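Since the structure comes first, as structure tokens, the remarks are kept for the end.
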Amino acid sequence: MIATLLVAFAAIEWWRYYVPQPPKPILVTFMASFATIWAGIRIRKFRPQLHSLRLARDGERAVGQFLERLREDGYKVFHDVIGPGFNLDHVLVGAGGIFTIETKTFSKPVGSDAKVKFDGEHILVNGLKPDRDPVVQARAQARWLRELLSESTGRKFPVRPVILFPGWFVEQNKSSARELWVLNPKALRDFLRYEAEVLAHEDVTLAAFHLSRFIRSAGTATA
């Protein structure tokens, strides 16, 4: 936009240089007003999308900082693992297993409880289904990582999908949490501590090494 304006002003100045004309503020003012109105409409149209992107960025960043604390419990923490056409927000590797972490951020409703319900198959956010099913997405990501490690190591590692909703109260029962966890980030540490150890130290090291190697080969970064 700025470059276009500068080119336009340069063209006008050159035209006035070769064809002297008195100033025409009315025409320029009309053009400026039209451009301002058009820009305002565009900004207003995309404001909800910008808000959602900013909310997702801040939520993922906050979750990433929280997950870093799990290193104290012996977990290896990876961020932004790039897959074919998607990315895993975070991955945990530790004695309790391997976990893919998907962060979902939504604006809280005004005047009502911010509640997420999970029945084992479907998620409702404040009583509504998200546009994109996070359960299908999380399971597909866990399956991809499971297959990736199997091809790389020749071993079948347990990989559990986890969906985190920062700032929301999550309601689920024990049966719905067997295969997939849907949690507030603050509850994740307790869930991990109550999880039985399924990986020996050497298995944790092996899985983390191969995942790190994949990340380096893909040109991504970990923290």
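Brief remarks on what is shown
- Selection status of GLY94, among the small types (Gly, Ala, Ser) and either open to solvent by 40 Å² or more (accessible area, probe 1.4 Å) or closer than 25 Å to TRP168 by Cα (or both): no
- Single unsatisfied condition, SER107 versus (1) closer than 18 Å to LEU180 by Cβ; (2) of a type in the set (S, T, N, Q); (3) modelled with pLDDT under 90: (1)
- Note on segment 115-135: residues that are in contact with a strand residue (DSSP E or B) (Cβ under 6 Å, 6 or more places away or on another chain) and in a loop (DSSP other than H, G, I, E, B) total 0.
- Looking across segment 108-135, the residues that are open to solvent by less than 40 Å² (accessible area, probe 1.4 Å) and in contact with an Asp or Glu (Cβ under 8 Å, 6 or more places away or on another chain) come down to VAL116, PHE118, GLY120, ILE123, PRO134, VAL135.
- Restricting attention to segment 136-182 and to residues that are in contact with a strand residue (DSSP E or B) (Cβ under 8 Å, 6 or more places away or on another chain) and part of a loop (DSSP other than H, G, I, E, B), the residue that is most open to solvent (accessible area, probe 1.4 Å) turns out to be GLU179.
- Flag if ILE101 is surrounded by fewer than 17 Cβ atoms within 10 Å (Cβ to Cβ), under 25 Å from ARG61 (Cβ atoms), at pLDDT 90 or above and of a type outside the set (D, E, K, R): no
- If the condition is being modelled with pLDDT under 90, open to solvent by 50 Å² or more (accessible area, probe 1.4 Å) and part of a loop (DSSP other than H, G, I, E, B), then segment 197-223 contributes GLY219, ALA221, THR222, ALA223.
The values are calculated or read from the model by the stated rules, or taken from the named source; none is laboratory data. These figures come from a predicted structure and were not determined experimentally. Every residue, glycine among them, receives a Cβ derived from its backbone with ideal geometry; neighbour counts consider all protein chains shown. Heavy atoms of the whole protein, side chains included, go into the accessibility calculation; ligands, DNA and RNA do not. Shrake-Rupley method; radii C 1.70, N 1.55, O 1.52, S 1.80 Å.
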